[in-house]
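The values are calculated or read from the model by the stated rules, or taken from the named source; none is laboratory data. Here the structure is a predicted model, which is why all the values come from computation and not from measurement. Reconstructed Cβ throughout: ideal geometry from the backbone, glycine too, with neighbour counts over all protein chains shown.
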Amino acid sequence: MKVERVLVVASILAFSLPVSAGDLTIGALGQNDFRLLSDDLGAALSYKPLTPAEPLGITGFDMGIAATGTRLKNSAVFLQASGEDVSTAPVPSLRFNKGLPLGIDVGAMMGGVPGTDIRVWGAELRYAIIRGGAAVPAVGIRGSYTKLAGVDQLDFNTRGLDVSISKGFLFFTPYAGVGRVWSTSTPKDVPALSKESFSQNKVFVGANLNFGLTNLAFEGDRTGEATSYGLKLGFRF
């Protein structure tokens with residue numbers, strides 16, 4: 001399957017590229033450009049659900065490989081900081097979600113931006129306010145966290161809170177959500193720059209398709225002024 005091959009290759013690249021390629025350096029940036037770079041990182045590296053609101057249940061799990069692409073609003077600043085001339089930042093990742101009792105799900109992801117030293121890991125905790133059923137949609141509230149790794153000059157993290165809704169129709173489950181992302185971007189050993197803390201609104205829509213042993217999810221996300229698209233291929237039970 002062509003989509004599966006693309007995702008596998010993208011995930012391998014995310015973890016196999018040497019960290020010396022495209023090192024992110026912020027020492028030459030002014031404060032305004034540092035904030036613009038941080039805005040794009042907040043949109044690109046914040047947690048993307050790629051899953052509907054309905055809980056997995058105590059025996060359920062969802063695992064797979066994913067790739068998201070964020071259209072950078074400040075690609076010229078990203079080029080200056082990383083040496084990579086890209087308008088869309090790809091973030092391949094490995095992802096895992098597990099159902100727990102009482103309508104609670106937990107999840108984790110790890111990925112990176114190919115061609116740079118940017119690596120990211122994240123986690124989520126979701127509670128189904130309404131678990132859903134044949135005639136009732138599921139509604140869930142999620143808290144999420146992501147952390148930048150691999151960059152010597154920058155300490156960066158995001159915290160997210162969102163509410164989502166989904167309703168299954170046979171093998172097809174559309175979903176949507178709204179929330180907010182808080183980012184903290186702290187320069188390390190760069191005296192000329194100061195910490196930036198800010199928040200961005202978040203909206204997302206997606207669809208999950210389950211074909212027995214194969215699960216496919218598509219998602220569009222708008223965080224701040226940047227748009228991201230995501231695709232996940234894996235297994236969901």
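Figures for the structure shown
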{"quantity": "Set 89, 76: member being small (Gly, Ala, Ser), surrounded by 23 or more Cβ atoms within 10 Å (Cβ to Cβ) and either free of Cβ contacts under 8 Å to residues at least 60 places away in the same chain or outside any strand (DSSP E or B) (or both)", "calculated": "89"}
{"quantity": "Matching residues in segment 211-237 - criterion: being polar (S, T, N, Q) and crowded, with 19+ Cβ neighbours inside 10 Å", "calculated": "215, 223, 228"}
{"quantity": "Set 178, 205, 151: member being in a loop (DSSP other than H, G, I, E, B) and touching a residue at least 12 places away in the same chain (Cβ under 8 Å)", "calculated": "151"}
{"quantity": "Considering residues of segment 116-130 that are of a type in the set (A, V, I, L, M, F, W, C) and within 20 Å of residue 82 (Cα to Cα) only, the residue farthest from the chain's Cα centre (by Cα)", "calculated": "118"}
{"quantity": "Answer residue from segment 208-233, given it is of a type in the set (D, E, K, R) and either over 16 Å from residue 44 (Cβ atoms) or not in a strand (DSSP E or B) (or both) and is nearest to the chain's Cα centre (by Cα) among those", "calculated": "232"}
{"quantity": "Unique match (being among the aliphatic types (A, V, I, L, M) and farther than 21 Å from residue 123 by Cα) among 161, 213", "calculated": "213"}
{"quantity": "Qualifying positions in segment 48-67 - surrounded by fewer than 24 Cβ atoms within 10 Å (Cβ to Cβ), under 19 Å from residue 177 (Cβ atoms) and in contact with a Ser or Thr (Cβ under 8 Å, 6 or more places away or on another chain)", "calculated": "66"}
{"quantity": "Scan of segment 168-190 for residues that are over 15 Å from residue 126 (Cα atoms), of a type in the set (Gly, Ala, Ser) and either loosely packed, with under 13 Cβ neighbours inside 10 Å or at pLDDT 95 or above (or both), ordered by number", "calculated": "183, 185"}
{"quantity": "Residue that is modelled with the highest pLDDT [pool: residues in segment 6-54 that are β-branched (Val, Ile, Thr) and in a loop (DSSP other than H, G, I, E, B)]", "calculated": "51"}
{"quantity": "Top-ranked residue in segment 124-150 [being of a type outside the set (Gly, Ala, Ser) and in contact with an Asp or Glu (Cβ under 6 Å, 6 or more places away or on another chain); ranked as surrounded by the fewest Cβ atoms within 10 Å (Cβ to Cβ)]", "calculated": "142"}
